[in-house]
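Reviewing the structure listed below.
The values are calculated or read from the model by the stated rules, or taken from the named source; none is laboratory data. Since the structure is predicted, the reported quantities are computational estimates derived from the model, not experimental observations. Positions of Cβ are generated from backbone atoms using ideal geometry, with glycine treated the same way; all protein chains shown enter the neighbour counts.
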Amino acid sequence: MSRVDDLLDQMTVAEKLAQLGSFWVQDLHRDGATVAPLSDERAANPAGFDDAVAHGLGQLTRTWGTSPLTVAEGLAAMRERQRVVVESSRFGVPAIAHEECLTGFTAYGATVYPTALAWGATFDPDLVEQMAAAIGDDMASVGVHQALSPVLDVVHDYRWGRVEETIGEDPHLVATIGTAYVKGLEGAGIIATLKHFAGYSASVAALNHGPVRMGRRHLLQVVLEPFEMAVRLGGARSVMNSYTDVDGVPCAADPWLLTEVLRDQWGFEGTVVSDYFAINFLREFHHVAETKADAAVLALQAGLDVELPHTDTLTELGEAIESGRVQADVLDVAVRRVLQHKHDLGLLEPGWQPRLDDETSIDLDSARNRDIARRLADESIVLLANDETLPLAPGVRLAAVGPVIDDPLTMLGCYSFPNHVLKHHPGGPAGIEIGSILDALRAEFGEVTHARGCEIEDDDLSGVDEAVAVAREADVVVVGVGDIAGLFGAGSSGEGNDVADLRLPGGQQVLVERLLDTGVPVVLLVVSGRPYALGDLAPRCAAVVQAFCPGEEGAQAIAGVRSGRVNPSGRLPVGVPRVPGAQPWTYLAPPLGRRQGGLTSLDPEMLYPFGHGLSYTTFALSDLQTSSEVIDPDGQLEVSVTVANTGDRDGTHVVQLYLRDEVAQVTTPVKRLIGYARVDLAAGQARRVTFSVHADRTSLVARDLRRVVEPGWLTLWAGSSSMDEALSARFRIEGDLRVVEGERVMVTPVSVEEA
């Protein structure tokens, strides 16, 4: 009998339920300040720690991510908490320790990497995997076992506050980058937790926790693709439910989603953990349960295994099991999954001790980490427009204005430790070195004049005149606008910070307009967690640059792009709108969701489309060829294109391959991304890029919700953005309609050779 079977056989109902629960200690740090993702009232623990672990404990919640602990303090806390858990359990079973890592390990003094939206802008899964492996190494060194990351929600509406936490609006980009992140974490021995399963980012009016009005076909075709790839190819061992309901069914109580799709169809064998307080939300907000016990029954029977951040509803399950309302084997299935995780992590070994490296050897912001953060930041900066003002000439008289220019925290995402936790501890050190854009510009260019102009969220325009005066004395003015990330109203971007439209926050629009009126060339820099509508501004600017909260090394990357030290290679993972109200819309729209030629007075087209990005050199794509004009429904063809650097400096181009199903039984996007490749090219160099496109990559979810490969004509485009249609080719699938069951080809392999 295995250790898991032995424990399961001996445990009482109370001990089993304890393995499905968790505890969040929020009063450890010396100053008593705490952090709660939702509210202090909900985060308050219903019992003391000793009482809560009397029968054991499933998970320890955020020991490192709740208050600013030094490495020594954090290690001591981990040792003590695990000691109490082990000694309180009849079987000496420790807890799984989980933490957040949406922009790096959310701990005091840990590296803050760029946000996930910036990962998407790199189109570089290999580098993202390196980052995740480094994050996993750091977490493992201090006794952490599970990471509540990555976010695999596909952006549907840019007004949603959590856009910065996503990888982008295209499911293939989200899937490939997200799966790379999962591989990095899992390779370091950390359990990756996919979230939010599923549909969270498609809420009505972009309302956080809002209802989702979509059918299962769209859910299967678009929303679930990244999760499926991360499970099948990434090896993710945990999934977190979405707060929302989809077509009236809360995800935390949906057996079709949590069991039929996730487990029965995809073969997932790990745990489903609740988003914080989500089980009780079935009673409190969704009103599909009358009592906490009812909510717990719904969640457990649907396939949810673990309650986070503390045990609240699952303690009510004992009576339901004793009365036969819930079968004992339903409980056993969930407990077995938790114990299997603990077995795989080595937590069930006799004499187990937590892995806690020597504090003198632990550097959570190491040179290795900062190098990865720097490379990610460099690759994520997107040059949207340029009249050759950039890179700036040596000796230029430069003015830097705007509310993001001198505030280092604008570089960081909402779940970074400084923005997420240290806001509750004002006046203390940041724990890491974060430079401002102003500091980086001065390091790059020498003397730079400066005026703030306005605040990020404030409508006060009293500082605009000073900014205009500073700009008039310069040859070029860089104006930095955008966001400060935070949570639930404490910021302009981040969880709970949803917006009514996509105008720049506060008085920033007016600031830019006044600067443009000076006639001095304006380089517009947007540092934000979402794209903003720039149609009234960008055409008047000398250059436009987009950075998506690029992390602790972001300021140097931005300054490097200004000087030309960094040749920009980022590409948009979301579109940049022309007008602030043409939402919700992404490039993944069927023909009637695009410009309609007289059918509507609204033009929904993007100012800068998904995949767009410029460089300080020029590139040309040519000679698109396919290996065949006809394949069968289980066949494959090779698609090749030559990419050449036609400029006078080295650079990197992102070659993108798009597909269109010309006639199908359901409406399909005008085009969708099926492959991409980052290609480094020396000046004058040309390389041949070949994509291997399997028929599975053309599959769609049919009217009957089966995934099928249909016969018919398809169009391919190789280009530099989702709107680049210069090179196209057609091919045909001939044969009977093929139903795709079980595993399928989900990626498009690519090879790059000298031309």
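Among the residues making up the range 672-721, those that are closer than 21 Å to Thr642 by Cα and among the small types (Gly, Ala, Ser) are Gly675, Ala677, Ala682, Ala683, Gly684, Ala686, Ser692, Ala718, Gly719, Ser720, Ser721. Could you please give the count of residues in the range 721-750 that are assigned to a strand (DSSP E or B) and either free of Cβ contacts under 8 Å to residues at least 24 places away in the same chain or within 27 Å of the chain's Cα centre (by Cα) (or both)? Summing the residues that are assigned to a strand (DSSP E or B) and either free of Cβ contacts under 8 Å to residues at least 24 places away in the same chain or within 27 Å of the chain's Cα centre (by Cα) (or both) in the range 721-750 gives 1. Count of the range 179-194 residues, restricted to those that are of a type outside the set (Val, Ile, Thr), more than 10 Å from Ala132 (Cβ to Cβ) and out of contact with any strand residue (DSSP E or B) (no Cβ under 7 Å at 6 or more places or on another chain), is 1. Looking only at the range 326-334, decide whether some residue is under 32 Å from the mean Cα position of the chain (by Cα), modelled with pLDDT of 90 or more and in a loop (DSSP other than H, G, I, E, B). No, because not a single residue in the range 326-334 is under 32 Å from the mean Cα position of the chain (by Cα), modelled with pLDDT of 90 or more and in a loop (DSSP other than H, G, I, E, B). Checked against the criterion of being crowded, with 16+ Cβ neighbours inside 10 Å, at positive phi, modelled with pLDDT of 85 or more and in contact with a Leu (Cβ under 9 Å, 6 or more places away or on another chain), the range 599-611 contains one or more residues that satisfy it. For the structure I just gave you, tell me whether Leu438 is over 30 Å from Gly210 (Cα atoms), aliphatic (A, V, I, L, M), touching a Cys at 6+ places or on another chain (Cβ under 7 Å) and outside the structural domain of Pro68 (by TED's automatic domain parsing). Against the criterion (over 30 Å from Gly210 (Cα atoms), aliphatic (A, V, I, L, M), touching a Cys at 6+ places or on another chain (Cβ under 7 Å) and outside the structural domain of Pro68 (by TED's automatic domain parsing)), Leu438 does not qualify. Evaluate the following for Arg703: is it within 23 Å of Val154 (Cα to Cα) and out of contact with any Gly (no Cβ under 9 Å at 6 or more places or on another chain)? Yes, satisfied.
Among residues of the range 12-27 being part of a loop (DSSP other than H, G, I, E, B) and out of contact with any Leu (no Cβ under 9 Å at 6 or more places or on another chain), the one that is modelled with the lowest pLDDT is Asp27. Taking the range 434-450 as the range and being closer than 15 Å to Leu412 by Cβ and at pLDDT below 95 as the test, only Gly435 passes.
Suppose the filter is at pLDDT 95 or above, farther than 24 Å from Phe548 by Cα and part of a strand (DSSP E or B); does Thr642 pass it? Yes; evaluated as a whole, the condition is true for this residue.
Only one residue in Ala299, Ala295, Ala278, Ala289 is aliphatic (A, V, I, L, M), within 21 Å of Gly210 (Cα to Cα) and under 24 Å from the mean Cα position of the chain (by Cα), so which one is that? None of the other options fit; the residue is Ala278. Given the condition crowded, with 23+ Cβ neighbours inside 10 Å and of a type in the set (Ser, Thr, Tyr), answer yes or no: does some residue in the range 319-327 qualify? Scanning the range 319-327, I find no residue that is crowded, with 23+ Cβ neighbours inside 10 Å and of a type in the set (Ser, Thr, Tyr), so the answer is no. Condition test on Gly675, is it more than 24 Å from Leu592 (Cα to Cα), crowded, with 20+ Cβ neighbours inside 10 Å, among the small types (Gly, Ala, Ser) and in contact with a helix residue (DSSP H, G or I) (Cβ under 9 Å, 6 or more places away or on another chain)? It is true that Gly675 is more than 24 Å from Leu592 (Cα to Cα), crowded, with 20+ Cβ neighbours inside 10 Å, among the small types (Gly, Ala, Ser) and in contact with a helix residue (DSSP H, G or I) (Cβ under 9 Å, 6 or more places away or on another chain). When the range 574-598 is limited to residues that are at pLDDT below 95 and hydrophobic (A, V, I, L, M, F, W, C), the one that is surrounded by the fewest Cβ atoms within 10 Å (Cβ to Cβ) turns out to be Leu592.
At least 2 residues being touching an Asp or Glu at 6+ places or on another chain (Cβ under 6 Å), under 19 Å from Thr748 (Cα atoms) and not small (Gly, Ala, Ser) is the threshold, and among the strands (runs of 3 or more DSSP E) wholly inside the range 656-717 those reaching it are 672-681, 686-694.
Do the conditions hold for Leu534, that is, is it at pLDDT 95 or above and in contact with a strand residue (DSSP E or B) (Cβ under 9 Å, 6 or more places away or on another chain)? Before you say what the answer is, go through the steps one by one.
Working: at pLDDT 95 or above: yes; in contact with a strand residue (DSSP E or B) (Cβ under 9 Å, 6 or more places away or on another chain): yes.
Answer is yes for this residue.
The single condition among (1) of a type outside the set (Asp, Glu); (2) at pLDDT below 95; (3) surrounded by 15 or more Cβ atoms within 10 Å (Cβ to Cβ) that Val382 does not satisfy is (2).
Tell me, please, whether a residue that is touching a residue at least 60 places away in the same chain (Cβ under 8 Å), more than 27 Å from Val288 (Cβ to Cβ) and part of a helix (DSSP H, G or I) can be found in the range 240-257. No, the range 240-257 has no match at all.
Screening the candidates Val144, Val151, Val128 for the property of being modelled with pLDDT of 95 or more, out of contact with any Phe, Trp or Tyr (no Cβ under 8 Å at 6 or more places or on another chain), among the β-branched types (Val, Ile, Thr) and surrounded by 24 or more Cβ atoms within 10 Å (Cβ to Cβ) yields one hit, Val151. The residues on offer are Ala140, Ala97, Ala107, and the sole one that is more than 22 Å from Ile381 (Cα to Cα) and part of a strand (DSSP E or B) is Ala97. Going through the range 77-94 one residue at a time, which ones are touching a residue at least 60 places away in the same chain (Cβ under 8 Å) and among the aliphatic types (A, V, I, L, M)? Across the range 77-94, the qualifying residues are Met78, Val86, Val93. Residue check: is Ser201 without any contact (Cβ under 8 Å) to a residue 60 or more places away in the chain, assigned to a loop (DSSP other than H, G, I, E, B) and under 27 Å from Tyr587 (Cα atoms)? In short, no.
Scoring Ile190 on the criteria (1) surrounded by fewer than 24 Cβ atoms within 10 Å (Cβ to Cβ); (2) more than 23 Å from Ser720 (Cβ to Cβ) leaves a single failure, condition (1).
Being at pLDDT 95 or above and part of a loop (DSSP other than H, G, I, E, B) is the filter; apply it to the range 78-94 and report the residue that is nearest to the chain's Cα centre (by Cα). Only one residue fits best here, namely Pro94.
Being assigned by TED's automatic domain parsing to the domain that holds Asn645, surrounded by fewer than 13 Cβ atoms within 10 Å (Cβ to Cβ) and more than 30 Å from Ser622 (Cβ to Cβ) is a property that Arg703 has.
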